[in-house]
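**Student:** Just passing along the structure, written as structure tokens.
The values are calculated or read from the model by the stated rules, or taken from the named source; none is laboratory data. The shown structure was predicted, so the numbers you read here are calculated from the model rather than taken from an experiment. As a convention, Cβ positions derive from the backbone with ideal geometry for all residues, glycine included, and neighbour counts pool all protein chains shown. Ligands, DNA and RNA are stripped out before the accessible areas are found, and what is left, the full protein with its side chains, is counted by its heavy atoms. Shrake-Rupley method; radii C 1.70, N 1.55, O 1.52, S 1.80 Å.
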Amino acid sequence: MEKECGIKYFKVADITVQVQSDYPIGKNTFHSKFERFEVFKKNKDSITIFHHVRPVAEKRIKPERGKEVYKKNQWQIFKDDCTWFYHYNSIFPGDPVDNVVGIMNRDYSEIHIYPENMSKQAYAQGRFPALTLFNTDQMIFAKLLSDRKGLVIHSNGFNINGNGVLIAGVSGSGKSTLSGMLKKLGHEILCDDRMFVRSIDGRFHIFGNWCYGSHPDVSPSHAPLSGVIFLKKGGRNRIKKITDQKAIVSKLMPVIVKPMLDVEGWGKYLSTFGWLKKSACFYEIEFDLSGKAGDIISDYFK
């Protein structure tokens with residue numbers, strides 16, 4: 001009965017997301033990737049996203065209510081003492097929603113979404129790629145994880161013999177090439193290009209999620225973090241451990257997704273970053289196109 005009334009639950013990184021809508025949530029309201037993350041009740045750690053079909057009250061979104069903290073391309077973000085205001089204006093052809101306003105409380109546990117001119121039929125057939133009705137949920141999860149000793153890392157995540165392994169690097173560094181080698185060997189990829197990392201019971205774990213990059217490789221699974229591998233294209237295949245903290249920071253910082261945070265939030269973020277760089281194991285792999293690098297990683301993480 002709840003589903004007919006417009007309520008569904010999804011779980012990622014041990015966070016339950018309850019979506020509560022003014023319209024019924026149909027089979028095609030969200031992209032099919034969400035089926036893998038659907039659950040049927042909330043756990044202790046949960047947030048709620050409300051989808052409203054009525055227009056947002058103008059007095060709630062006036063820029064003077066808050067300070068502008070970000071403006072680029074389709075995004076304009078304001079913040080006051082206890083509320084975040086997101087204005088999303090699509091620049092992508094074929095987006096199911098052109099304009100969306102999101103109003104979040106301080107810790108993002110309650111998110112109110114106001115799409116512009118959303119009909120019941122359009123909502124039912126939207127196949128929305130994000131539960132926020134933006135083009136991605138990455139921005140809210142970067143914030144949610146920062147409050148939970150977690151981070152979002154530009155990386156491909158794998159479960160290799162029960163070990164969580166991140167193949168980390170910026171675009172063009174060879175993540176897709178090396179990931180292809182690991183997939184051919186039968187290792188489960190958790191997510192392409194965006195991995196959620198969070199401390200659970202004192203140890204970092206990596207989580208598959210629906211905020212993937214260009215390849216729709218996604219899994220609701222997770223695994224304890226055993227290694228972060230940075231890439232180096234070369235003429236031979238070898239892996240070496242990195243222990244120098246300055247070298248780790250120089251390689252890790254460019255691949256961390258930077259969330260929108262206040263001063264308190266940045267303190268938490270930097271604390272988690274410091275703990276990760278000290279407690280995790282980091283490696284650099286040099287590889288060619290022969291496929292041997294995949295075997296090296298498989299053998300290393302037995």
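**Student:** Can you tell me which of Val255, Val249 is β-branched (Val, Ile, Thr) and either out of contact with any helix residue (DSSP H, G or I) (no Cβ under 7 Å at 6 or more places or on another chain) or within 16 Å of Ile167 (Cβ to Cβ) (or both)?
**Tutor:** Answer to the check: Val255.
**Student:** Here are the criteria: (1) of a type in the set (Ser, Thr, Tyr); (2) out of contact with any Phe, Trp or Tyr (no Cβ under 8 Å at 6 or more places or on another chain); (3) at pLDDT 95 or above; (4) within 30 Å of Phe34 (Cβ to Cβ). Tell me which single one Ser298 does not satisfy.
**Tutor:** It fails just one condition, (4).
**Student:** Here is a further query. Look through the stretch 261-302, keep the residues that are over 20 Å from the mean Cα position of the chain (by Cα) and among the polar types (S, T, N, Q), and return whichever of them is least open to solvent (accessible area, probe 1.4 Å).
**Tutor:** Per the criteria, the residue is Ser298.
**Student:** Given (1) touching a Lys or Arg at 6+ places or on another chain (Cβ under 8 Å); (2) closer than 21 Å to Ser179 by Cα, identify the lone condition not met by Asp262.
**Tutor:** Among (1) touching a Lys or Arg at 6+ places or on another chain (Cβ under 8 Å); (2) closer than 21 Å to Ser179 by Cα, the lone unmet condition for Asp262 is (2).
**Student:** Still on this model: Within the stretch 224-271, how many residues are in contact with an Asp or Glu (Cβ under 8 Å, 6 or more places away or on another chain) and within 20 Å of Val197 (Cα to Cα)? I'd like the intermediate steps shown before the answer.
**Tutor:** Our first condition is that a residue be in contact with an Asp or Glu (Cβ under 8 Å, 6 or more places away or on another chain); within the stretch 224-271, this holds for 229-240, 242, 251, 265, 268.
Keeping just the survivors that are within 20 Å of Val197 (Cα to Cα) gives 229-231, 242, 251, 265, 268.
Residues that pass the stated criteria total 7.
**Student:** Sticking with this one: So, of the residues in the stretch 200-210 that are open to solvent by 20 Å² or more (accessible area, probe 1.4 Å) and at pLDDT 95 or above, which turns out to be farthest from Lys143 (Cα to Cα)?
**Tutor:** Initially, the stretch 200-210 is screened for residues open to solvent by 20 Å² or more (accessible area, probe 1.4 Å), giving 200-203, 205.
Subsequent filtering for residues that are at pLDDT 95 or above retains 203, 205.
Values: Arg203: 20, His205: 17 Å.
Restricting to residues being open to solvent by 20 Å² or more (accessible area, probe 1.4 Å) and at pLDDT 95 or above, the top hit is Arg203.
**Student:** Of all residues being free of Cβ contacts under 8 Å to residues at least 12 places away in the same chain and over 26 Å from Tyr70 (Cβ atoms) in the stretch 244-260, which is least open to solvent (accessible area, probe 1.4 Å)? Just the residue, please.
**Tutor:** Ala247
**Student:** Starting from the stretch 178-189, keep only residues that are of a type in the set (Asp, Glu), then list their pairs with residues that are assigned to a loop (DSSP other than H, G, I, E, B) and crowded, with 20+ Cβ neighbours inside 10 Å whose Cβ atoms are within a distance under 9 Å, requiring at least 6 positions of separation or different chains.
**Tutor:** Listed by first residue and then by second, the contacts come to Glu188/Gly208.
**Student:** Filter the stretch 91-101 for residues that are out of contact with any helix residue (DSSP H, G or I) (no Cβ under 8 Å at 6 or more places or on another chain) and open to solvent by less than 30 Å² (accessible area, probe 1.4 Å); which is farthest from Thr29 (Cα to Cα)? Walk me through it before giving the result.
**Tutor:** Narrowing the stretch 91-101 to residues out of contact with any helix residue (DSSP H, G or I) (no Cβ under 8 Å at 6 or more places or on another chain): 91-95, 97-100.
Applying the additional criterion that residues be open to solvent by less than 30 Å² (accessible area, probe 1.4 Å) yields 97, 100.
Details: Val97: 12, Val100: 16 Å.
Ranking the candidates gives Val100 first.
**Student:** Considering the stretch 30-55 alone, what residues qualify as being open to solvent by less than 60 Å² (accessible area, probe 1.4 Å), part of a loop (DSSP other than H, G, I, E, B) and closer than 28 Å to Asp95 by Cα?
**Tutor:** Hits for the stretch 30-55 are His52, Val53.
**Student:** Take Gly213 and tell me if it is under 22 Å from Ile189 (Cβ atoms), free of Cβ contacts under 8 Å to residues at least 24 places away in the same chain and surrounded by 13 or more Cβ atoms within 10 Å (Cβ to Cβ). Working first, answer last.
**Tutor:** Working: under 22 Å from Ile189 (Cβ atoms): yes; free of Cβ contacts under 8 Å to residues at least 24 places away in the same chain: yes; surrounded by 13 or more Cβ atoms within 10 Å (Cβ to Cβ): yes.
Taking the combined requirement at face value, the residue satisfies it.
**Student:** Tell me yes or no: at least one residue of the stretch 247-257 is outside any helix (DSSP H, G or I) and modelled with pLDDT of 90 or more.
**Tutor:** Filtering the stretch 247-257 for residues outside any helix (DSSP H, G or I) gives 256-257.
Checking which are modelled with pLDDT of 90 or more leaves us with 256-257.
Checked against the condition, which is being outside any helix (DSSP H, G or I) and modelled with pLDDT of 90 or more, the stretch 247-257 yields at least one hit.
Table: residues versus (1) more than 11 Å from the chain's Cα centre (by Cα); (2) open to solvent by less than 20 Å² (accessible area, probe 1.4 Å); (3) more than 30 Å from Ile248 (Cα to Cα).
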{"position": "Ser119", "(1), (2), (3)": "yes, no, yes"}
{"position": "Gly126", "(1), (2), (3)": "yes, yes, yes"}
{"position": "Leu131", "(1), (2), (3)": "yes, yes, yes"}
{"position": "Asn135", "(1), (2), (3)": "yes, no, yes"}
{"position": "Leu145", "(1), (2), (3)": "no, yes, no"}
{"position": "Gly164", "(1), (2), (3)": "yes, yes, no"}
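**Student:** Would you please name the residue that is modelled with the highest pLDDT, looking only at residues in the stretch 269-288 that are in contact with a helix residue (DSSP H, G or I) (Cβ under 7 Å, 6 or more places away or on another chain) and among the hydrophobic types (A, V, I, L, M, F, W, C)?
**Tutor:** Residue satisfying both the conditions and the ranking: Phe282.
**Student:** Quick one: in the stretch 108-117, which of the residues that are open to solvent by 30 Å² or more (accessible area, probe 1.4 Å) and modelled with pLDDT of 95 or more is nearest to Ile25 (Cα to Cα)? Steps first, please.
**Tutor:** Of all residues in the stretch 108-117, those open to solvent by 30 Å² or more (accessible area, probe 1.4 Å) come to 109-110, 112, 116-117.
Keeping just the survivors that are modelled with pLDDT of 95 or more gives 109-110, 112.
Working: Ser109: 21, Glu110: 19, His112: 16 Å.
The extreme case among them is His112.
**Student:** Let me ask something else about it. Collect the residues in the stretch 72-111 that are touching an Asp or Glu at 6+ places or on another chain (Cβ under 6 Å) and not in a loop (DSSP other than H, G, I, E, B), keeping them in residue-number order.
**Tutor:** The answer is Phe78, Asn99.
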